[in-house]
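The values are calculated or read from the model by the stated rules, or taken from the named source; none is laboratory data. The structure displayed is predicted, hence computed values, not measured ones. A quick note on method: Cβ atoms are made from the backbone with ideal geometry, for glycine too, and the neighbour counts reach across all protein chains shown. These accessible areas exclude ligands, DNA and RNA; they are computed on the full protein's heavy atoms, side chains included. Shrake-Rupley method; radii C 1.70, N 1.55, O 1.52, S 1.80 Å.
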Number of protein chains: 2
Amino acid sequence: MTNPVLVEVTRGDLVESVHRGAIAIADASGALTLALGDVAAPVYSRSSLKPMQAIPLVESGAAEAFGLGDEEIALACASHSGEPMHTERVELWLGRIGLSESDLACGAHPSRFEPVAEAMIRARLAPTRIFNNCSGKHTGFLTVARHWDVATEGYEHVDHPVQVAVAAALMDLTGARELKFGIDGCAAPNFATSLAEFATAAARMATPGALPAPRDAATARIIGAMIRHPELMSGTGRACATLIRACNGQVAVKTGAEGFFGAWIPAKGLGVAIKIDDGAGRASETAMAAVLDQLGLLGSDPRARALLCASVLNTRGAIVGERHPSAALR
Amino acid sequence: MTNPVLVEVTRGDLVESVHRGAIAIADASGALTLALGDVAAPVYSRSSLKPMQAIPLVESGAAEAFGLGDEEIALACASHSGEPMHTERVELWLGRIGLSESDLACGAHPSRFEPVAEAMIRARLAPTRIFNNCSGKHTGFLTVARHWDVATEGYEHVDHPVQVAVAAALMDLTGARELKFGIDGCAAPNFATSLAEFATAAARMATPGALPAPRDAATARIIGAMIRHPELMSGTGRACATLIRACNGQVAVKTGAEGFFGAWIPAKGLGVAIKIDDGAGRASETAMAAVLDQLGLLGSDPRARALLCASVLNTRGAIVGERHPSAALR
């Protein structure tokens, strides 16, 4: 099955590049209100999976036991930019569970927030693992391990109780009987689902009463934390923060590497899963903005509208083309 | 027409992302020895066009009049990394034609060579236009304008004599009667050709005797300069330099933005044009390595083989997947 073109990038009078992909929108019953392209093939949702991966943190009582607030829950769902608001909170949180940076299994990478990255270059400071965009997710995993009093070492292995709990929650949300997995950029397992399954899982998380207690309360808290702290779950000026703010409290969205994007829409009881075939984040951002716009949620915020239809600039700052949704998405 | 998948990116047991595209390989007669996908649609070759854009510089006698060597010719074809070997030569060259950085129409961007970029951040030095990866091409345009004693201001406009000469050479090489153009990242016009036309033009440039004098000598000098100075026309560790060195003097290759890649193969009298639909450079590099390997030219250099089949690493440095040619390219 060849997926449709979802996003076009123009230059002058020509379409210079195109991005194909697939989109599923589902409700909590699993009914698909949109199935564009192949929504049945297994795909990695990468960091878009983080809200599901945070379920054991809240549902187990670990978050409550360690007195975590919405800010830490948002960080557990974050691909953060490594700004002080992120790194300082993760460091304090690690201290609260009696652990430190060296307990994180993710690798280090520079801050994705340019002023911080440049300041660290000037100060000749090497980034620590806390700067990894997934450090909140990892601290969440460690918090569950501490709460259950199981080994923290090896928490990133697929057979560790924390990862087994993540997989169990995901199988329950999707109805999948088995889950393939790959190793994510942060060394944790990333479980594959179809887009239909992911969208259904997101809808079940987003729809009050769709899941039995205490899971319904846990997922409501996770989605609420993302909506209340858009910059903590992404970063200053990032697409997730821009889209969540533009939708005015009605939607949580979470980007993932290689062109994945997920949305949780309590206001409509819907879940969304987008995968760009070629892995381009620029295309997944435009596709998600288009979906939210079609659902009447995007609003008029100019930064969000600029994700929907983005100018292509040259090095002189002149507009030489644009990135926009294809006819299939309009 | 839907182009075939040329490159796959795996993670664990799954193909995570795919890149579609088209490839033309032609000889100097215009006969296509390979036509994979749509090779008739107009596409921008972006920086892969630089060897064609350098033709007036050599053919007009401007290069000779200003005493330019192979090093400057290679820089005219370069998307350079902004290393001292590039920026110092461009600055000296500008001085030789009585001009300076302020005459360049391209915008500034940071060096693409990390040690230089970091050193400039530490020294709080803003990049100049000389650091633009296209500054050699622009200095080449200015050199022609000086040689012809026409206005240097406005040399980047499509109706300036230098750009008119570029378009005329390209129409002559391709047989195209008109050329659409867009504005490139560096503010110069970029002319669109089909992949078949680009590959034919490259083959004519690469095949001794295929073009009338003095164009045959000019194109031979351009291709020779790229082959003799792989790092000057790209940068330390860059794909172009790696592939040219691996092919041991038999091939010049030149990458372009948005997934274009061109090759000039004097040893076989062939030209190659590759366009990845979605604009991904990672895929164009793998596709070009695959084409050169199929032609028996790639050799055994491990860095070049690593472009053909590249490991996907996580932030811990572990191998979690790979990028490789699809069945259509094997």
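If you filter segment A:290-326 down to residues that are in contact with a Pro (Cβ under 8 Å, 6 or more places away or on another chain) and part of a helix (DSSP H, G or I), you find that the one that is nearest to A:Ser17 (Cα to Cα) is A:Leu308.
Let's see how each residue does on (1) within 14 Å of chain A (Cβ to nearest Cβ); (2) buried (at least 16 other Cβ atoms within 10 Å of the Cβ); (3) in contact with an Asp or Glu (Cβ under 7 Å, 6 or more places away or on another chain); (4) in contact (Cβ under 8 Å) with a residue 60 or more places away in the chain:
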{"position": "B:Asp278", "(1), (2), (3), (4)": "yes, yes, yes, yes"}
{"position": "B:Ala289", "(1), (2), (3), (4)": "no, yes, no, no"}
{"position": "B:Leu298", "(1), (2), (3), (4)": "no, yes, no, no"}
{"position": "B:Val320", "(1), (2), (3), (4)": "yes, yes, no, yes"}
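Against the conditions (1) acidic (Asp, Glu); (2) open to solvent by 50 Å² or more (accessible area, probe 1.4 Å); (3) within 21 Å of the chain's Cα centre (by Cα), B:Glu156 satisfies every one except (2).
Kindly check whether there is at least one residue in segment A:58-69 that is crowded, with 24+ Cβ neighbours inside 10 Å, touching a Phe, Trp or Tyr at 6+ places or on another chain (Cβ under 7 Å) and touching a residue at least 12 places away in the same chain (Cβ under 8 Å). Scanning segment A:58-69, I find no residue that is crowded, with 24+ Cβ neighbours inside 10 Å, touching a Phe, Trp or Tyr at 6+ places or on another chain (Cβ under 7 Å) and touching a residue at least 12 places away in the same chain (Cβ under 8 Å), so the answer is no.
Which ones in segment B:59-93 are more than 16 Å from B:Gly235 (Cβ to Cβ) and of a type outside the set (D, E, K, R)? Passing the criteria: B:Ser60, B:Gly61, B:Ala62, B:Ala63, B:Ala65, B:Phe66, B:Gly67, B:Leu68, B:Gly69, B:Ile73, B:Leu92, B:Trp93.
Every condition in (1) closer than 30 Å to A:Ala105 by Cα; (2) surrounded by 20 or more Cβ atoms within 10 Å (Cβ to Cβ) is met by B:Ala310 except one, and the failing one is (2). In segment B:1-12, the qualifying residues are those that are more than 7 Å from chain A (Cβ to nearest Cβ) and over 21 Å from B:Val253 (Cβ atoms), and the one that is surrounded by the most Cβ atoms within 10 Å (Cβ to Cβ) is B:Val5. Here A:Ala168 qualifies as open to solvent by 10 Å² or more (accessible area, probe 1.4 Å), within 30 Å of A:Ala26 (Cα to Cα), away from every other protein chain (no Cβ under 12 Å) and free of Cβ contacts under 8 Å to residues at least 24 places away in the same chain. For segment B:56-77, taking the residues that are part of a helix (DSSP H, G or I) and under 14 Å from the mean Cα position of the chain (by Cα), the one that is nearest to B:Glu88 (Cα to Cα) is identified as B:Leu75. Output the residue which, of all residues in segment A:135-153 that are open to solvent by 10 Å² or more (accessible area, probe 1.4 Å) and among the hydrophobic types (A, V, I, L, M, F, W, C), is farthest from the other protein chains (Cβ to nearest Cβ). Of everything passing the filter in segment A:135-153, A:Trp148 is farthest from the other protein chains (Cβ to nearest Cβ). For first residues located in segment B:197-208 and of a type outside the set (Ser, Thr, Tyr), partners that are at pLDDT below 95 and lie 6+ apart or on another chain with Cβ distances below 8 Å form the pairs B:Glu197/B:Gly175; B:Glu197/B:Ala176. Against the numbered list (1) within 14 Å of chain B (Cβ to nearest Cβ); (2) out of contact with any Pro (no Cβ under 7 Å at 6 or more places or on another chain); (3) open to solvent by 20 Å² or more (accessible area, probe 1.4 Å); (4) assigned to a helix (DSSP H, G or I), A:Ser48 comes up short only at (3).
If you go through segment B:115-127 and pick out every residue that is open to solvent by 50 Å² or more (accessible area, probe 1.4 Å) and more than 10 Å from every other protein chain (Cβ to nearest Cβ), you end up with 3. Inclusion of B:Val15 among residues that are at the interface with chain A (Cβ under 9 Å from one of its Cβ atoms), in contact with a strand residue (DSSP E or B) (Cβ under 9 Å, 6 or more places away or on another chain) and open to solvent by 20 Å² or more (accessible area, probe 1.4 Å) is not warranted.
Taking the numbered list (1) modelled with pLDDT under 95; (2) within 14 Å of chain A (Cβ to nearest Cβ) in turn, B:Ala257 passes all entries but (1). Residues that are modelled with pLDDT under 95 and closer than 26 Å to B:Ala28 by Cβ: does segment B:178-199 have at least one? Within segment B:178-199 (the criterion being modelled with pLDDT under 95 and closer than 26 Å to B:Ala28 by Cβ), the answer is yes, since at least one residue qualifies. Are any of the residues in segment B:23-36 over 17 Å from B:Leu270 (Cα atoms) and either of a type in the set (D, E, K, R) or not in a strand (DSSP E or B) (or both)? Within segment B:23-36, not a single residue is over 17 Å from B:Leu270 (Cα atoms) and either of a type in the set (D, E, K, R) or not in a strand (DSSP E or B) (or both).
Could you count how many residues in segment A:257-276 are surrounded by fewer than 20 Cβ atoms within 10 Å (Cβ to Cβ) and of a type in the set (A, V, I, L, M)? So the answer is 1. Considered as a group, the residues in segment A:31-45 that are of a type outside the set (A, V, I, L, M) and open to solvent by 30 Å² or more (accessible area, probe 1.4 Å) include one that is farthest from the other protein chains (Cβ to nearest Cβ), and that residue is A:Thr33. Quick check: anything in segment A:197-212 over 22 Å from A:Lys268 (Cα atoms) and crowded, with 22+ Cβ neighbours inside 10 Å? No: segment A:197-212 contains no residue that is over 22 Å from A:Lys268 (Cα atoms) and crowded, with 22+ Cβ neighbours inside 10 Å.
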